[in-house]
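The values are calculated or read from the model by the stated rules, or taken from the named source; none is laboratory data. Computed from a predicted model, the values in this text were never measured in an experiment. Positions of Cβ are generated from backbone atoms using ideal geometry, with glycine treated the same way; all protein chains shown enter the neighbour counts. When the accessible area is computed, the model is the full protein with side chains, heavy atoms only, and any ligands, DNA or RNA have been set aside. Shrake-Rupley method; radii C 1.70, N 1.55, O 1.52, S 1.80 Å.
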Amino acid sequence: MPSLLTLFFYILGGTALGSLLLLTGIPAAPLIGAIIGAGALSISGQLEIASWPVGTKTALGIGLGTVIGTGINSQTIGELKTLWKPALVITLTLLITGVIVGLLISKFFGVDKIIAILGSAPGGTIGMSLVGAEYGVGAAVAALHAVRLITVLFIIPAIVNFLSADNGINLSK
């Protein structure tokens with residue numbers, strides 16, 4: 001099958017499931033649906049492995065970064081005046097924990113250290129996969145982050161809903 005037609009089917013699969021999951025009310029449903037939809041097609045073996053044109057991932061990364069960047073405004077910067085300390089603690093804790101977990105995964109499960117560290121690192125699937133691609137392990141890193149992302153997007157909202165329900169816990173302060 002020609003490469004562009006293969007990509008069209010992957011895009012169609014991701015779009016279809018991403019759109020369908022919009023009806024569920026799950027946070028980040030389009031992202032989860034697109035990952036599962038395209039991933040299921042890939043796993044099925046019915047399509048060739050996707051071969052994206054050069055620069056596609058970079059263009060998508062720029063687009064995603066732009067979408068996120070447009071959410072940063074003067075109010076966000078104002079919030080950083082009080083949030084910079086927690087942001088620093090969170091960042092350092094996640095970095096240290098990610099490296100430790102990566103090294104433990106490498107040691108106990110025999111996973112390549114680069115894959116384990118990049119797969120355990122905090123960060124988005126796209127960003128860490130691009131870093132992994134620089135080391136020749138992008139697909140493995142993407143797989144680890146996709147599992148993490150899907151799991152976190154399902155579990156954290158449930159935890160927040162549970163903690164904010166009428167059980168006496170006030171998450172606003």
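The table that follows gives values for the structure above.
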item	result
MRE, 222 nm, helices only [DSSP H, n ≥ 4, -39500 (n - 2.57), over the chain, to nearest 500]	-25500 deg cm²/dmol
DSSP H segments from the chain that extend 15 Å or more along their own axis, Cα-based, with Kyte-Doolittle mean of 1.6 or above	3-21, 29-44, 138-164
Per residue, in Å², the accessible surface of the chain once ligands and nucleic acids are set aside, probe 1.4 Å	69
Share of carbon and sulfur in the accessible heavy-atom surface of the chain [1.4 Å probe, %]	74
Label selected from [x] 1.00; [y] 0.92; [z] 1.11, the criterion being Rg/Rh (Cα atoms, Kirkwood Rh) as computed here	[x]
Debye, to nearest 20: dipole size of the range 24-148, +1 on Lys, Arg Cβ, -1 on Asp, Glu Cβ	300
Residue with peak Gaussian network fluctuation, the chain [Cα springs, cutoff 10 Å], from 126, 115, 49	49
